[in-house]
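Structure, as structure tokens:
The values are calculated or read from the model by the stated rules, or taken from the named source; none is laboratory data. For clarity, every value in this text was computed on a predicted model and none was experimentally measured. Every residue, glycine as well, gets a Cβ built from its backbone with ideal geometry; the counts of neighbours run over all protein chains shown.
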Amino acid sequence: MDIGGEIKHLRTKNRITLRELARKSNLSISFLSQLERGMTNLTVDSLQSISAALGVEPGHFFNERQKSAKASDAVVPGGNRSVSEIEGGARLHFGMSPSPNRHLLLPELVSLLPEPAAGASDRKALSHGTEEFIYVLSGVLTVNINGRTHRMFQGDSVAFRPSTQRRWHNDTDCVTEILLVRYPNPRHEAGDESEAREN
């Protein structure tokens, strides 16, 4: 789904001006204008503010595939990334591939809302059956690897084998953004394998 286009659609449908939406969401008019035109990226907290201002749940913008993208499209404009997953209200996954079910590799931009350390520590470290690569784009990421805790900062990266017990979360007061790449792609559809190899 083109999130910016859907925001504009809901705004005009409800006869809300950009100025009104800016006031209700506590976001700037210029940011909202750029967002509607696909010229900027959206964070989890901004999506929640805009959703509340428009009277919809953040999940309204959830769509595993970009309906407007053709299977042959290879380029995904930054402002047109689809929301591929909303995980527990604390993590928002943005697809970085136009057809995530067709590729063996799954790249995602993940925005992590601040999460209290107490709540995050309740989750156990698990192996996921996939290799994962994480690159920290902004903020701080706390990672537990086989019982050891590490703090990762902008520019840091880590790779996990499928058997590695791991858990990662954001225990700061600010949003953290990471690039997450998984292999094999858990969304890959059987039958698309030969096509995925060709592309």
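Only one residue in Ala90, Ala69, Ala74 is over 17 Å from the mean Cα position of the chain (by Cα) and modelled with pLDDT of 65 or more, so which one is that?
Sole residue among the options that is over 17 Å from the mean Cα position of the chain (by Cα) and modelled with pLDDT of 65 or more: Ala74.
In segment 32-48, which residues are part of a helix (DSSP H, G or I) and surrounded by fewer than 17 Cβ atoms within 10 Å (Cβ to Cβ)?
Ser33, Gln34, Asp45, Gln48
Can you name every residue in segment 144-158 that is modelled with pLDDT of 95 or more and among the hydrophobic types (A, V, I, L, M, F, W, C)?
Met152, Phe153, Val158
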